[in-house]
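Submitted below is the structure of interest, expressed as structure tokens.
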């Protein structure tokens, strides 16, 4: 890990703790796609911090280019601190697949952190999922899909605030989502969302 | 005896106690049978281990000097408040007030101790904190449960910052004939409170029959309290040589500390339960959170500070 990463992890631990609870799965170096509820700008850092150091090195977060790419400071945190993959949510080039950078990262064998809602919600429970998770799962069936529930982060840094306040947050990792033959896209996304909701209970 | 020498004697005594406790754990582990008793020994073992690290941190800060001790307690306040706020249902409208509490009130309160500005230190949170915290929340235009939210934040701030900061505030006292030794008072306070907690636990486990407040704190018993309070008072009296007190005064002080510590444990336990939790957190293995270890200290410190200041400084 690079020095900026250590700083980021230390600061995250101090502010929100980000304690990991492996409820349905165990830490493993095999390729995984972690998908979580999204309520604040520190979600990415918190989930990444909760992973053991040897997994962090090969786990990259998908981050919105229209937020993390807008200032030199945020860019530095995202790229140098988190080793993030910036994605173009706004589709500035209509011909390009916004998921392409993620495919590239998965082809390299890295694990991913994604927030399938696509945007932050003001509620602790996730809203409906966008189809990105489905496409990733179709294309990379060998990657394990791990649902993650981030607790309390919406309280630490509500939408619209600039800095987090210290509130302890736990990061719950659930059991890998099993593939079901012939399942429709909507059914799959609903089942994935359900997996997170169940972790919240 | 020089203050340094007293300190080494003190640390020697504490290390001996911990060695005995570690030995007892080791022996118990070999003779105890059965699921339930084994769980008790496991918990005891974790507690003793945590004690070793807590004593190490405390002694290290003490050796580094006044600044390190103040910084250490600023972090204790920080984590205690973090636990309190985590269990308290806050709303987005509280964000500014919480930022104020964590990022302004804690540093200023501890800076005032460092700067030895007692007159502002003693009223900073009860006056300025008290009035500004709800003002910040009110500016967020959210009236839902406003009084409850403000009250809870103020309670957290009073306990976690104001009360706990009275431990290092002992360094502010100018006691004639005791110059440069205030840090020993700090040790005295923490040691008496923690010994009282431990001894009440031990007496309660051995002889506990009659519960004092079963709903609030199931582990507190009359037998545990009497045995623990009496022996902790004796421990306090026996430590008169590191204080400016006579043995009798030291016993009196220790008794007040024990009593306040007991009430602190009781009140914060009730509070924790009203927030729907069994432990404040998970920071210190075997003990729960920072607040579970600091609850008695938070009640004992301001009273001990006040009595010492009132009776022993000009």
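The values are calculated or read from the model by the stated rules, or taken from the named source; none is laboratory data. No experiment lies behind these values; they were computed from the predicted model shown. Cβ: placed from backbone, ideal geometry, glycine included. Neighbour counts: every protein chain shown.
Just to be sure before I move on: is residue A:118 more than 14 Å from chain B (Cβ to nearest Cβ), at positive phi and modelled with pLDDT of 90 or more in the structure I sent?
No, not satisfied.
Let me ask another. Working only within the stretch B:100-121, note down all residues that are within 14 Å of chain A (Cβ to nearest Cβ) and touching a helix residue (DSSP H, G or I) at 6+ places or on another chain (Cβ under 6 Å).
Within the stretch B:100-121, B:100, B:101, B:105, B:106 meet the criteria.
Same structure, new question: Among the residues of the stretch A:166-193 satisfying the criterion of being within 14 Å of chain B (Cβ to nearest Cβ) and part of a loop (DSSP other than H, G, I, E, B), which is surrounded by the most Cβ atoms within 10 Å (Cβ to Cβ)?
Top of the filtered list is A:169.
Mind checking which residues of the stretch A:4-27 are within 14 Å of another protein chain (Cβ to nearest Cβ) and part of a helix (DSSP H, G or I)?
Result: A:10, A:11, A:12, A:13, A:14, A:15, A:16.
Matching residues to (1) assigned to a strand (DSSP E or B); (2) in contact with a helix residue (DSSP H, G or I) (Cβ under 8 Å, 6 or more places away or on another chain); (3) touching a residue at least 40 places away in the same chain (Cβ under 8 Å); (4) within 14 Å of chain A (Cβ to nearest Cβ):
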site: B:252; (1), (2), (3), (4): no, no, no, no
site: B:256; (1), (2), (3), (4): no, yes, yes, no
site: B:278; (1), (2), (3), (4): no, yes, no, no
site: B:307; (1), (2), (3), (4): no, yes, yes, no
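Under 7 Å between Cβ atoms, at least 6 apart or on separate chains: pull out the pairs that start in the stretch A:76-96 with a residue that is at positive phi and end on any residue that is crowded, with 20+ Cβ neighbours inside 10 Å.
A:83/A:60
Shifting gears a bit: Got a sec? Which of B:74, B:97 is closer than 18 Å to residue B:152 by Cα and within 13 Å of chain A (Cβ to nearest Cβ)?
After ruling out the rest, the residue left standing is B:97.
Condition (residue is under 17 Å from the mean Cα position of the chain (by Cα) and either within 14 Å of chain B (Cβ to nearest Cβ) or over 15 Å from residue A:114 (Cα atoms) (or both)) applied to the stretch A:132-146: is it met by at least one residue?
There is no residue in the stretch A:132-146 that is under 17 Å from the mean Cα position of the chain (by Cα) and either within 14 Å of chain B (Cβ to nearest Cβ) or over 15 Å from residue A:114 (Cα atoms) (or both).
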